[in-house]
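Engineer: Quick one: the structure is below, and I'll ask about it shortly.
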Amino acid sequence: MKSPLKTITILFRAQSAIESLIKADIKQYGMSVSEFAVLEALYHKQVLTVTELVEKVLIAPSSMSYVLDQMSLKEWILRTQDSQDKRAFQITLLPKGLHQITTIYPMHEANMRKRLNRLTREEEMQLQELLKRIGK
């Protein structure tokens, strides 16, 4: 008899394989996955608060502070205190950060597509819908 949780096991193995692939790919660019995630989020959204970044990239608030400190030292991001809410900070890309993500993102995307291209476009769309349904 098959395990009643076989789907969960397969899902975890796929997630682990993708996570390993992402980590290896990002590592070759000399940055952490967390740094890449922040750069990518800011590249697509331009300006985000620290709270919004935590929600978008799923990094713990305590870890986010460290990641943002490191990225500030590398001159990739700028933290600006919100003029209306002094407790909040807005994060934007600096030219070095923008250069990093615009250089790296196309290569990273191509590497990830190699794995996803094992599926047809229809299969990929179906997988997205199924995963969304499970995740809700």
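The values are calculated or read from the model by the stated rules, or taken from the named source; none is laboratory data. Keep in mind it's a predicted model, so treat the numbers as computed, not measured. Every residue, glycine among them, receives a Cβ derived from its backbone with ideal geometry; neighbour counts consider all protein chains shown.
Engineer: Which residue, of Thr92, Thr120, Thr103, is β-branched (Val, Ile, Thr) and within 28 Å of Phe12 (Cα to Cα)?
Structural biologist: Answer to the check: Thr120.
Engineer: To continue, here is another question. Those residues that are in contact with a Leu (Cβ under 9 Å, 6 or more places away or on another chain) and hydrophobic (A, V, I, L, M, F, W, C), I need them from the stretch 126-136; list them, please.
Structural biologist: Across the stretch 126-136, the qualifying residues are Leu127, Leu131, Ile134.
Engineer: Which of the residues belonging to the stretch 30-43 are more than 13 Å from Gly97 (Cβ to Cβ) and not hydrophobic (A, V, I, L, M, F, W, C)?
Structural biologist: Hits for the stretch 30-43 are Gly30, Ser32, Ser34.
Engineer: Checking Thr92 against (1) within 19 Å of Ile18 (Cα to Cα); (2) at pLDDT 90 or above; (3) touching a helix residue (DSSP H, G or I) at 6+ places or on another chain (Cβ under 9 Å), only one condition comes out false. Which one?
Structural biologist: (1)
Engineer: Does Leu131 meet the test of being out of contact with any His (no Cβ under 7 Å at 6 or more places or on another chain) and not in a helix (DSSP H, G or I)?
Structural biologist: no
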